[in-house]
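Visitor: Mind having a look at this structure? Questions to follow.
All of the numbers you see were taken from the coordinates with simple rules; none came from a lab. Model, not experiment: these values are computed from the prediction. Ideal geometry is used to build each Cβ from the backbone, glycine not excepted, and the neighbour counts take in all protein chains shown.
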Amino acid sequence: MKVAAIDLGSNTFHLLIVEGEGSKIKEEIYRERVFVGLGDGGIEFLGEEAIERGLNACLSFRKAINYHRVDKLKVTGTAALRNASNAHEFTSRATAILGVKIDVIGGQEEARLIFEGVKQLSDLDERTLIVDIGGGSTEFIIAEKGALVWAESFLLGVGVMHAAFHKEEPISADHEDELRQFIQMTLAPLKKELEKNNVSCFIGASGSFEVLESMTGRPSFKNKLNTVEMADAHKIAVMIIGKNLADRSQLPGMPLERVKLIVVAMILIEEILKMTKDVTLRVTPYALKEGLLAQLLKYAND
């Protein structure tokens, strides 16, 4: 059975088509990622240009879905679509293009699906913190013995933080300090949870973590967790934070689509690493879309 998942994120739209076998993903058939910037300028209101970029991405996805003759399709929207006052202007038109209802999910459900996605690559037996940095929100999950034990979604997306704090190039020391204080204040519930029982593993799911991984220059593997040494993570983060937009665009391993927002992402990662006491950092490309597919296959075979 061919199944597809579309993740309409605040910064990036993803399409993933796979061949399923029972309730498991057997083979990846097609993957497409479009940097839409749906939440550019904030996630409270979607601009017309952002809506058009999103609809064009949906048209491209629809062509791929038709070409590969997908049997089942699931579409979700996240922070920008659950917060924007005019989200319906996009969802009504996108639904007509894609032919299925867009399920705009809450932060807790988003976190659960990310957990299910990462679980496709790891049994999550040891106490693990999973983080997925999005454009509008960032999800934090603590898992242990294969079960989700704590989850929260915070409005710490890179688009949100960039609009509020990254006002010059490079980011000023004052704005960097303000952002770090904002992150620490926002993540107080996470810090409290980690102080009760710290984790032994930290998994970064896709996006900004993949940039960090690619910039180490070490080979990475799509279907496994890839380790990033703490010293490398800190060195790369400091280098990125100190550079302006033009200089960041020249860095080896830096995707041009990530250049604008990567600074605030690195500051967030640094603050999380402080809370986890520099435990092992692993990076996975698996996240929400893989969780959607796992759920779709499970229900199809129940």
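Visitor: Full-extension gain between LYS63 and ASP247, please, as 0.36 nm times their residue separation minus the C-alpha to C-alpha distance.
Guide: Values: separation 184, 0.36 × 184 = 66.24 nm, distance 3.67 nm.
Extra length available between LYS63 and ASP247 comes to 62.6 nm.
Visitor: Along the charge dipole of the chain, which of LEU38, GLY20, MET275 sits closest to the positive end, that is, farthest toward it, with unit charges on the beta carbon of Lys, Arg, Asp and Glu (+1, +1, -1, -1)?
Guide: Projecting each Cα onto the dipole axis, the largest value belongs to GLY20.
Visitor: Choose one of LEU81, ILE142, ALA94: the residue whose Cα lies farthest towards the positive end of the charge dipole of the chain (beta-carbon charges +1 Lys, Arg; -1 Asp, Glu; about the Cα centre).
Guide: ALA94
Visitor: Report, in whole Å, the centroid distance computed from the Cα atoms of the stretch 226-263 and the stretch 91-165.
Guide: For the stretch 226-263 versus the stretch 91-165, the Cα centre distance is 23 Å.
Visitor: Binned at 10 Å from 0, what are the whole-percent values of the Cα-Cα distance distribution for the stretch 122-284, short to long?
Guide: The distribution over the stretch 122-284 is 10, 42, 36, 11, 1, given as percents.
Visitor: Give me TYR299, TYR30, TYR286 ranked fewest to most by other Cβ atoms within 10 Å of their Cβ, as a rough exposure proxy.
Guide: Numbers: TYR299 11, TYR30 16, TYR286 27.
Ordered from fewest to most neighbouring Cβ atoms within 10 Å, TYR299, TYR30, TYR286 come out as TYR299, TYR30, TYR286.
Visitor: On a straight-distance basis, which lysines could pair with LYS26 in a cross-link, Cα separation under 19 angstrom, same-chain partners fewer than 8 positions away excluded?
Guide: Within reach: LYS2, LYS72, LYS74, LYS119, LYS222, LYS224, LYS289, LYS298.
Visitor: Another question, then. Counting only other residues whose beta carbon sits under 12 Å from that of LEU190, what net charge do I get with K and R as +1, D and E as -1? Spell out each step's value before the answer.
Guide: Values: positive: LYS191, LYS192, LYS196, LYS274; negative: GLU139, GLU152, GLU193, GLU195, GLU271.
Overall, the nearby charge balance is -1.
Visitor: Show which aspartates and glutamates lie in cross-link reach of LYS24 when reach means a straight Cα distance below 18 angstrom and same-chain residues fewer than eight apart are skipped.
Guide: Counting by Cα, and skipping residues close in sequence, LYS24 has these aspartates and glutamates nearby: ASP71, GLU116, ASP123, GLU290, ASP302.
Visitor: List the relative contact order of the chain as a percent without decimals, with contacts defined as Cα pairs under 8 Å and 6+ residues apart. Walk me through the numbers on the way to the answer.
Guide: Numbers: 609 pairs, mean separation 64.6, N = 302.
RCO, the chain: 21 percent.
Visitor: Please give the calculated 222 nm ellipticity per residue for the chain, where each DSSP H segment of at least 4 residues contributes -39500 (n - 2.57) and the sum is spread over every residue; nearest 500 deg cm²/dmol? Each step should come with its number before you reach the end.
Guide: On the way: 12 runs with 132 residues, N = 302.
Per the formula, -13000 deg cm²/dmol.
Visitor: For the stretch 122-284, with the dipole built from +1 on Lys and Arg beta-carbon atoms and -1 on Asp and Glu ones, taken about the Cα centre, which of MET185, ILE262, ASN223 lies farthest toward the positive end?
Guide: Positive-most Cα among the choices belongs to ASN223.
Visitor: How much net charge surrounds ILE65 when only the other residues with a Cβ under 12 Å from the Cβ of ILE65 are counted, with Lys and Arg +1 and Asp and Glu -1?
Guide: Values: positive: LYS2, ARG62, LYS63, ARG69, LYS72, LYS74; negative: GLU32, ASP71.
Around ILE65, the surrounding residues sum to +4.
Visitor: Can you say what percent of the DSSP beta bridges in the chain, counting only those with both residues inside, are antiparallel? Round to 5. If you can, show how the numbers build up before the last one.
Guide: Details: 33 of 51 bridges.
In the chain, DSSP labels about 65 percent of beta bridges as antiparallel.
Visitor: Among residues other than LEU179 whose Cβ falls under 12 Å from its Cβ, what is the net charge (Lys/Arg +1, Asp/Glu -1)?
Guide: Surrounding charge for LEU179 is -4.
Visitor: Evaluate the relative contact order of the stretch 207-298 (contact order divided by residue number), counting alpha-carbon pairs under 8 angstrom at least 6 apart; express in whole percent.
Guide: Working: 75 pairs, mean separation 38.3, N = 92.
Taking the mean separation of contacting Cα pairs over the length of the stretch 207-298, I get 42 percent.
Visitor: How would the stretch 164-235 be classified by its alpha-carbon gyration tensor: rounded, prolate or oblate, with rounded meaning a/c under 1.5 and the a/b versus b/c comparison settling the rest? Present the calculation step by step, with values, prior to reporting the outcome.
Guide: Numbers: a/c = 2.51, a/b = 1.22, b/c = 2.05.
Taking the square roots of the gyration eigenvalues as a ≥ b ≥ c, the stretch 164-235 is oblate.
Visitor: Does the stretch 1-143 classify as rounded, prolate or oblate by the C-alpha gyration tensor (a ≥ b ≥ c root eigenvalues; a/c under 1.5 gives rounded; else a/b over b/c gives prolate, otherwise oblate)? Please report the intermediate quantities before stating the final value.
Guide: Values: a/c = 2.22, a/b = 1.16, b/c = 1.92.
It is oblate, given that a/c is not under 1.5 and a/b is not larger than b/c.
Visitor: So how compact is the chain: Cα radius of gyration and Dmax in angstrom?
Guide: 18.4, 55
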